[in-house]
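Working notes for the structure below.
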Amino acid sequence: MRIGVTMFPTDYAIPPHELAVEAEARGFESVWFPEHSHIPTSRKSPWPGGPELPKWYHDTYDPFVAMGAAAVVTKTIKLGTGVCLVVQRDPIHTAKEVATVDRLSGGRVLFGIGGGWNAEEMADHGTAFATRFKLMRERIEAMKEIWARSKPKYSGELVKFDEMMQWPKPVQKPHPPIIVGGGFPQGAAQCVRWDDGRPLEGPEPFPAFCVSLPMPPRRKTVDAPDPIVLIVDVNPVIRTAVSGYLRECGYQVIEATGAREATMVLQARGDIDVVFIDVDVAGDAAAFELAQRIRQEWPQVRVLLSTGVLRTARQAEGLCEEGPAKAKPYDHRELERRIRRLLARR
């Protein structure tokens, strides 16, 4: 087993080159540095790790500068990006950075890549959240052309450049290992090796690491159906993140973009167990009206409200048994625990 270490390098942490020296001395295989160019203060995208985004996400150093510093004071430890946000980077410039560090380190780079989770951060780089994985694929394909050829060119739907020249080329041939990192199962779905745009099959799969959030245990009998949760939220990023997490926990999830659509779902189905409503996004009046209507017309359905505003939090107190979830962005684990408690009362 090969074990590496990772750290957000900041000006208040151990310097990255000192961390690499100490990790190498203790026999670790690799050291990894993450990447965030910035964090918009208007961020609405939920952090997968919980309600509060740690300070070091916007304080972290550039990973390639950190790897370069580590390269010149170490001899054997591998140096990885964990992960490089390729969807926020120019592929020509990134290809040169990867190759340069691979040269300076004598062929020790591990190129960890990911699609990212912060839609607002990507938007500042001109990247659309919905098509980020297509963009990541094309940028990686373009970089592989640059590393492999003396006069590379690339023509994709999102990435294009005419014939050009760029050196240095990486020490590792044909290029450093490309490793996909992400949450399970979405990240796992991206873990395929690219060769001329076609997935390869065989005994050498695309190397990948996938970081999965621990799933809270949910007890059920073999014959019991999965509980059905209706999520009411107009924000597609938040709705998708919450839905994905609950599905991984074993729930059936139906999504609605507002109170009207949610009412239509409730009228058409008689098997909804829990309705989760984002008060601020759905609109205060519409959200409270929906919650009251559910209690009157579908008393068997449990209601859970979420609000980040104290005024609406007080207004919501009497409308759901569990009380409103006041943290924004959502704490997915706490949300799932509340749903389990609601279901246990049925």
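The values are calculated or read from the model by the stated rules, or taken from the named source; none is laboratory data. Computed from a predicted structure; not experimentally measured. Because the Cβ atoms are built from the backbone with ideal geometry, glycine has one as well, and the counts that use them run over all protein chains shown.
Just a few scattered comments:
- Taken over the range 142-160, residues that are within 25 Å of Gly68 (Cβ to Cβ) and in contact (Cβ under 8 Å) with a residue 12 or more places away in the chain amount to 8.
- Within the range 26-72, the set of residues being acidic (Asp, Glu) and part of a helix (DSSP H, G or I) comprises Asp59 only.
- Filter result for Ala285 (modelled with pLDDT under 75, touching a Lys or Arg at 6+ places or on another chain (Cβ under 6 Å) and at negative phi): no
- Within the range 227-271, the set of residues being among the β-branched types (Val, Ile, Thr) and closer than 18 Å to Glu289 by Cα comprises Ile231, Val232, Val234, Thr257, Thr263, Val265.
A quick yes/no check of all residues on (1) surrounded by 15 or more Cβ atoms within 10 Å (Cβ to Cβ); (2) outside the structural domain of Leu104 (by TED's automatic domain parsing); (3) modelled with pLDDT of 90 or more:
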residue	(1), (2), (3)
Glu138	yes, no, yes
Ala142	yes, no, yes
Lys151	no, no, yes
Gln166	yes, no, yes
Lys220	no, yes, no
Asp223	no, yes, no
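- Of all residues in the range 93-141, those being touching a residue at least 60 places away in the same chain (Cβ under 8 Å), farther than 22 Å from Gly68 by Cβ and in contact with a helix residue (DSSP H, G or I) (Cβ under 6 Å, 6 or more places away or on another chain) number 4.
- Output for the range 16-38, where each listed residue is closer than 26 Å to Thr127 by Cβ and surrounded by fewer than 18 Cβ atoms within 10 Å (Cβ to Cβ): Ser37, His38
Yes/no per residue for (1) at pLDDT 95 or above; (2) part of a helix (DSSP H, G or I); (3) under 30 Å from Arg2 (Cβ atoms); (4) out of contact with any Lys or Arg (no Cβ under 7 Å at 6 or more places or on another chain):
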site	(1), (2), (3), (4)
Thr74	yes, no, yes, yes
Val87	yes, yes, yes, no
Thr100	yes, yes, yes, yes
Leu110	yes, no, yes, no
Ala130	no, yes, no, yes
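- Of all the criteria given as (1) of a type in the set (A, V, I, L, M, F, W, C); (2) modelled with pLDDT of 95 or more; (3) part of a loop (DSSP other than H, G, I, E, B), the one not satisfied by Ala23 is (3).
- Here Ser45 meets each of (1) at pLDDT 95 or above; (2) in contact with a helix residue (DSSP H, G or I) (Cβ under 8 Å, 6 or more places away or on another chain) with one exception, condition (1).
- Of all residues in the range 255-272, those that are modelled with pLDDT under 90, surrounded by 16 or more Cβ atoms within 10 Å (Cβ to Cβ) and outside any helix (DSSP H, G or I) total 4.
- Of the residues making up the range 87-136, those that are buried (at least 20 other Cβ atoms within 10 Å of the Cβ), among the small types (Gly, Ala, Ser) and more than 18 Å from the chain's Cα centre (by Cα) are Ala95, Ala99, Ser105.
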